[in-house]
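Notes follow the structure.
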Amino acid sequence: MGLTKSQVANFINDKILFRFSISNDFIINFSEREDIFTFDELEGIINSNFTYWSSINDKAPNSFLSNWQNLKDKFNEVKDYIFNLEELNIDNINLYIYNILSSNSEYGEQGEKVYILSIASPIDRDSEIHKIKSFVSFYTQQSQNNLVEAIKSYIYLSKNPSYIGSYFSNSYEYKFYPALFLLRKSFSNIKENRSDFETNIVAPITDKLRDISVQSDKQYREITSFTEDKHNEIQKQFDKKVSEFAEFQKSLNKWQEEKQNNLNDLEETYKNKLSLEAPEKLWNERAVEHQKQATIWTYFLIGAVLALIFTLVLLVIVIHDYSLNIIKKDLPFISESFILISVISFFIYIIRVLIKIVMSNHHLATEYKQKAALTRFYQALTYAGTDIDKEELLIIINSLFSRVETGLVKTDTSNDSDTILAILSKNL
């Protein structure tokens, strides 16, 4: 995609300038060192001068047209090169201008590079160009030959009017007619006729105004197009940012929802911890207590068994001796085996009771450990955000707060715990 004229102008107009170097034979009042032109102004000067000498060339062929044609071709080559660049680089542009347009340059007051364009032709930036054009109109009516030499003679006589007489007597047309034109203007004070005035003054001004209008329209279109392009780019960037912001807002809302859920889970976990902290602590303490009691009762059971065995041995000996002297005389209906079996049965009953106590403590310790573990597991589920409905919660609470059977005595299942469960269910 090529660059616009405004983009090129904004980039190089303050970095690269141009001025003309023209022989005094072709200028009347033109300061070549003071008249510095930008890239855009140079294009207008080349086109306007080319157009004028092109219109004269049909009446009187001249070398001015070819000079401006050559300069115009070189300028257009440089222009096409710059406008087709993808990225403006001042070093590359300077190198191209040096190779194509002009190898003669200097630096201006602000450090900008000024290229010097040499051309053998009058220039419309000469403040007296209208006089030159008036003479050209006069001369082409008299002769179509040696226009270049005639203009040089006219410019010389304009600067040196004392030589008009010597040129007036010359037989060459290109010297005679310039002297005649100046002599007539000097002595008769004749005004330019209407046709010359329109041709040399009004027409150039009209053309310049037309060029300015065309350039203004063109620049307006470029500015409008540039503005629309930038507006579209900005709109695309805006839409992109809006889409990104919407995605960010969506992700932010999702993140907020996740964090809110986590916070709710933490809050629920904290509430459950507060509500179950005391029961969990109690169950852990009971588990430790019953485990200790089970250990104690186990040692007691072992000691009791050993003591009973030792006592049984002694009893067997005592009962045997006693039965020989007394039982057979006073209690003949009681046999020795009956007494032995009764003593053994009593000892077994004692051992069985002790075993039940040991097993009951082990059972209670295990139950309380399970309740504490279940409490911790329920808190972990709550922390993980697991949804627990009402029925599942009732099952968990029933498992946590149900009566723990000791295994020693059978009890009715209905108790105070059932009443508490009913109240909790109602509250839930």
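The values are calculated or read from the model by the stated rules, or taken from the named source; none is laboratory data. In this text, all values refer to a predicted model and were calculated from it rather than measured experimentally. For neighbour counting, all protein chains shown are included, and Cβ atoms are generated from backbone atoms with ideal geometry for every residue, glycine included. Areas reflect the complete protein model, heavy atoms only, side chains present, ligands, DNA and RNA absent. Shrake-Rupley method; radii C 1.70, N 1.55, O 1.52, S 1.80 Å.
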Pair list, Cβ under 6 Å, 6 or more apart: the stretch 4-18 residue open to solvent by 20 Å² or more (accessible area, probe 1.4 Å), other residue among the polar types (S, T, N, Q): Asn13/Thr38
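Pick out the one residue from Ser118, Ser153, Ser105 that is touching a strand residue (DSSP E or B) at 6+ places or on another chain (Cβ under 8 Å), modelled with pLDDT of 90 or more and under 21 Å from Asp25 (Cα atoms). Before the answer, list the steps.
On the way: Ser153 fails: touching a strand residue (DSSP E or B) at 6+ places or on another chain (Cβ under 8 Å); Ser105 fails: under 21 Å from Asp25 (Cα atoms).
Answer to the check: Ser118.
Here's a check for you: in the stretch 348-368, which residue that is open to solvent by 60 Å² or more (accessible area, probe 1.4 Å) and within 16 Å of Thr295 (Cα to Cα) is nearest to the chain's Cα centre (by Cα)? Even if it seems obvious, please write down each step before you answer.
Let us first name the residues in the stretch 348-368 that are open to solvent by 60 Å² or more (accessible area, probe 1.4 Å), namely 348-349, 352, 355-356, 359, 362-363, 366.
Still in the running and within 16 Å of Thr295 (Cα to Cα): 355-356, 359, 362-363, 366.
Details: Ile355: 78, Lys356: 77, Met359: 72, His362: 67, His363: 67, Thr366: 62 Å.
If we take residues in the stretch 348-368 being open to solvent by 60 Å² or more (accessible area, probe 1.4 Å) and within 16 Å of Thr295 (Cα to Cα), then Thr366 is nearest to the chain's Cα centre (by Cα).
Being of a type in the set (Ser, Thr, Tyr), assigned to a helix (DSSP H, G or I) and either modelled with pLDDT of 85 or more or under 30 Å from Ser134 (Cα atoms) (or both): is that true of Ser225 here? Steps first, please.
Values: of a type in the set (Ser, Thr, Tyr): yes; assigned to a helix (DSSP H, G or I): yes; either modelled with pLDDT of 85 or more or under 30 Å from Ser134 (Cα atoms) (or both): no.
So Ser225 does not fit the description; no.
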Matching residues, the stretch 264-301, being modelled with pLDDT of 80 or more and either outside any helix (DSSP H, G or I) or open to solvent by 90 Å² or more (accessible area, probe 1.4 Å) (or both): Lys292, Ile296, Tyr299, Phe300
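Restricting the search to the stretch 157-181, which residues are small (Gly, Ala, Ser) and in contact (Cβ under 8 Å) with a residue 24 or more places away in the chain?
Initial filter on the stretch 157-181 (small (Gly, Ala, Ser)): 158, 162, 165-166, 169, 171, 179.
Correct list: Ser158, Ala179.
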Neighbours by Cβ (under 8 Å, 6+ apart or cross-chain): first from the stretch 369-387, within 24 Å of Gln260 (Cα to Cα); second modelled with pLDDT of 70 or more and among the polar types (S, T, N, Q): Gly385/Asn261; Gly385/Asn262
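Kindly indicate whether Phe75 is of a type in the set (Phe, Trp, Tyr), part of a helix (DSSP H, G or I), farther than 24 Å from Lys152 by Cβ and open to solvent by less than 50 Å² (accessible area, probe 1.4 Å). Even if it seems obvious, please write down each step before you answer.
Working: of a type in the set (Phe, Trp, Tyr): yes; part of a helix (DSSP H, G or I): yes; farther than 24 Å from Lys152 by Cβ: yes; open to solvent by less than 50 Å² (accessible area, probe 1.4 Å): yes.
Criteria met by Phe75.
Going by what's in this entry, would Ala372 be described as touching a His at 6+ places or on another chain (Cβ under 9 Å), of a type in the set (A, V, I, L, M), at pLDDT 65 or above and open to solvent by less than 60 Å² (accessible area, probe 1.4 Å)? Steps first, please.
Numbers: touching a His at 6+ places or on another chain (Cβ under 9 Å): no; of a type in the set (A, V, I, L, M): yes; at pLDDT 65 or above: yes; open to solvent by less than 60 Å² (accessible area, probe 1.4 Å): yes.
Answer is no for this residue.
What tally of residues in the stretch 110-162 results from selecting those that are more than 60 Å from the chain's Cα centre (by Cα) and at negative phi? Break it down stepwise before answering.
Step one: of the stretch 110-162, the residues more than 60 Å from the chain's Cα centre (by Cα) are 128, 130-162.
From the residues that got through so far, the ones that are at negative phi too are 128, 130-145, 147-162.
Count: 33.
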